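Engineer: Before I ask anything, here is the structure I am working with.
The values are calculated or read from the model by the stated rules, or taken from the named source; none is laboratory data. Note that this is a predicted model, so its numbers are computed, not measured. Positions of Cβ are backbone-derived with ideal geometry, glycine not excepted, and every protein chain shown enters the neighbour counts. All accessible areas refer to the heavy atoms of the entire protein, side chains included, with ligands and DNA or RNA removed. Shrake-Rupley method; radii C 1.70, N 1.55, O 1.52, S 1.80 Å.
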Amino acid sequence: VYPASDLSVTKTVSKYNYAVGDVVSFSIRLTNRGPDAAENVKVREIMDDSLKLLSFHASAGDFDKVNDVWSLDFLDAGQSAYLTVKAIAREVGIAKNKVVASSDNFDYDLSNNNDTVSLDIAEKQNPKQNPNITPENNGYKHSDGEIRDYTQSILQTYKSGNPIMVIVLLFVFSLGAFYGNNILK
């Protein structure tokens, strides 16, 4: 009887909506459900053309960034390994990112050997330069012509000031509320 291993792979993305230039973070979990240790495990990362690989981190094995393949010599039954991939969003549209796992062992359940995630990449808009961006239409112009995510764009554009100054002002106003108007004169 040849060794058998049920490899299972799941892929997640940190969020659904991105803008061109944003960093996208994918997490991949590979699990061997047994009954035997899987040998010569390969996980192929199939990245959409609208994404460009930036970095990766594997908990076990090696990642070949030229061929986008994560390789592990073996994965014991019941064991999991993790790969984090970061990519830059380069083009507007819906990007699909797929992952496929295989090994030299017989795999009796191929239905869980692949996973796909999708994300929406929008054109980045600067609210200072576009007077049409308001809280009602939300800030990023997507491929379908809609504008979204105004709040996030404002937070990225207008960084907060000195946090110590905010604390000092809160303290002064708190004293004013407690002691009345006399402290502020």
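Engineer: Only residues in segment 70-98 that are farther than 20 Å from residue 119 by Cβ and of a type in the set (S, T, N, Q) count as the first member; pair them with residues that are at pLDDT 95 or above and not in a strand (DSSP E or B), Cβ under 6 angstrom, at least 6 apart or cross-chain, and list the lot.
Structural biologist: 71/61
Engineer: Taking the condition more than 16 Å from residue 41 (Cα to Cα) and touching a Leu at 6+ places or on another chain (Cβ under 6 Å), does residue 94 pass? Walk me through it before giving the result.
Structural biologist: Details: more than 16 Å from residue 41 (Cα to Cα): yes; touching a Leu at 6+ places or on another chain (Cβ under 6 Å): no.
When the stated conditions are applied, residue 94 does not pass them.
Engineer: Related question: Can you tell me how many residues within segment 90-107 are within 25 Å of residue 5 (Cα to Cα) and open to solvent by 70 Å² or more (accessible area, probe 1.4 Å)?
Structural biologist: Residues that pass the stated criteria total 3.
Engineer: Can I ask one more? Could you identify the single residue in 18, 2 that is open to solvent by 20 Å² or more (accessible area, probe 1.4 Å) and either in a strand (DSSP E or B) or not charged (D, E, K, R) (or both)?
Structural biologist: Numbers: 18 fails: open to solvent by 20 Å² or more (accessible area, probe 1.4 Å).
None of the others qualify; the one that does is 2.
Engineer: Only one of 72, 110 is open to solvent by 30 Å² or more (accessible area, probe 1.4 Å), among the aliphatic types (A, V, I, L, M) and modelled with pLDDT of 95 or more; which?
Structural biologist: Numbers: 72 fails: open to solvent by 30 Å² or more (accessible area, probe 1.4 Å).
Answer to the selection: 110.
Engineer: Would you check if there is a residue in segment 57-66 being surrounded by 13 or more Cβ atoms within 10 Å (Cβ to Cβ), modelled with pLDDT of 95 or more and under 22 Å from residue 111 (Cβ atoms)?
Structural biologist: The answer is no; no qualifying residue exists.
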